[in-house]
Amino acid sequence: MLLWASLILFGVAVFIVTSMMFLDESEYKAQEKLEQQATVQDSVNQQGVILRYSRPFFKRYVTPIVSSMKSKKKIREKYKRKLASAGLTEILTPEDFFSFKLFLILGFPIVFFGVRWFIEADWPLSYIPLISGFGFFYPDLWIDGTIKNRQNEVMRSMPFAVDMLALSVEAGLDFVAAMAKVVEKAKPSPLTQEFEILMKEIKIGASRAEALRNMSWRIDLIQISSFCATLIAADSVGASIGPILKALSAEIRQKRSSDVEKAGATAATKILFPMLFLIVPAVFIIVAAPIMLELVVGK
């Protein structure tokens, strides 16, 4: 099994190197110049060490191969929404993300060999297939965690943003101007980024309903979907959105309070197992050890 795994990895490496030799160098350099922006590089640096140091390699050598595959349409459909929900559309395309997965099949074993040689360990080579498999699935675990963290940040920012929207609308501003005021006054967050994208879509010609649907699709949260659907319905009948935003703000705050209470109620259950397996044995040793020593010495 180890022999076959090594042969497969060697074949993949030869394929990548061969394809690299025939890659259009001018096309790659032109793409690199378009992507050499400080904001993009800062966003990449914020995503962790693995992506920061892997991205130049898989974009240069693996993405052109994935982009030429016949199944690239399925790859786009599978990862497009995940990347949008994670806020990574500026730094990764669906083809880049799949290339990232393929690259780590080789990248993680290479790191394994490097660490093994550096510390002169005798780790068995039978770990390589497992490490390669973990490398393929690691980007999925990473992006799922990124999506969850981003959604939590959106929900934390939502009450203040909706309150500001309601106050701005009642003060006489239109919807787009009210959102611009929220972006100006609120702390930078994924929600303000989504508002900026929404305003850009409206300015280039998209309807308010279409821009709200796109925002709901990107964030992929029930609360945001309800918020956008309510605004779309109010806009379609011409109703004033000020009172609606106030009601939505109260509902969001109530939902957030109930979530906090629920998390507090489950905290006692979560701490039960660490207490049973870690704290209680330690206390038992501290209390019982002197008694046992006294009995042993006394005998």
The chain, dipole about Cα centre (Lys/Arg Cβ +1, Asp/Glu Cβ -1), debye to the nearest 20: 380
Ranking by accessible area, most exposed first, for Phe284, Phe57 with a 1.4 Å probe: Phe284, Phe57
Solvent accessible area, Å² - Ser68, 1.4 Å probe, full protein context: 90
DSSP H segments from the chain that extend 24 Å or more along their own axis, Cα-based, with Kyte-Doolittle mean of -1.0 or above: 2-21, 94-118, 128-170, 241-274, 280-298
Percent accessible area from carbon and sulfur atoms, the chain, protein chains only, probe 1.4 Å: 66
FRET E, pair Arg76, Ile110, Förster distance 25 Å, beta-carbon r, rounded to 0.05: 0.30
Most to least accessible of Leu248, Leu106 (protein chains only, probe 1.4 Å): Leu106, Leu248
Whichever lysines have a C-alpha closer than 28 Å to that of Lys185, once near sequence neighbours (fewer than 8 apart) are set aside: Lys148, Lys200, Lys203, Lys246, Lys255
Solvent accessible area, Å² - Thr89, 1.4 Å probe, full protein context: 90
Residues of the stretch 144-299: accessible area per residue with a 1.4 Å probe, Å²: 62
Relative contact order (percent, whole number), the chain, Cα cutoff 8 Å, 6+ residue spacing: 14
Values of log10 I(q)/I(0), in the order q = 0.07, 0.09, 0.13 Å⁻¹, for the chain under a Debye, Cα-only, solvent-free model: -0.45, -0.68, -1.04
Which of Ile219, Ile232, Ile285, positive extreme of dipole for the stretch 176-299 (C-beta unit charges): Ile232
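The values are calculated or read from the model by the stated rules, or taken from the named source; none is laboratory data. Fair warning: this is a prediction, and the values are worked out from it, not measured in the lab. Backbone-built Cβ (ideal geometry, glycine too); neighbour counts: all protein chains shown. Keep in mind that these areas ignore ligands, DNA and RNA; they rest on the heavy atoms of the full protein, side chains included. Shrake-Rupley method; radii C 1.70, N 1.55, O 1.52, S 1.80 Å.
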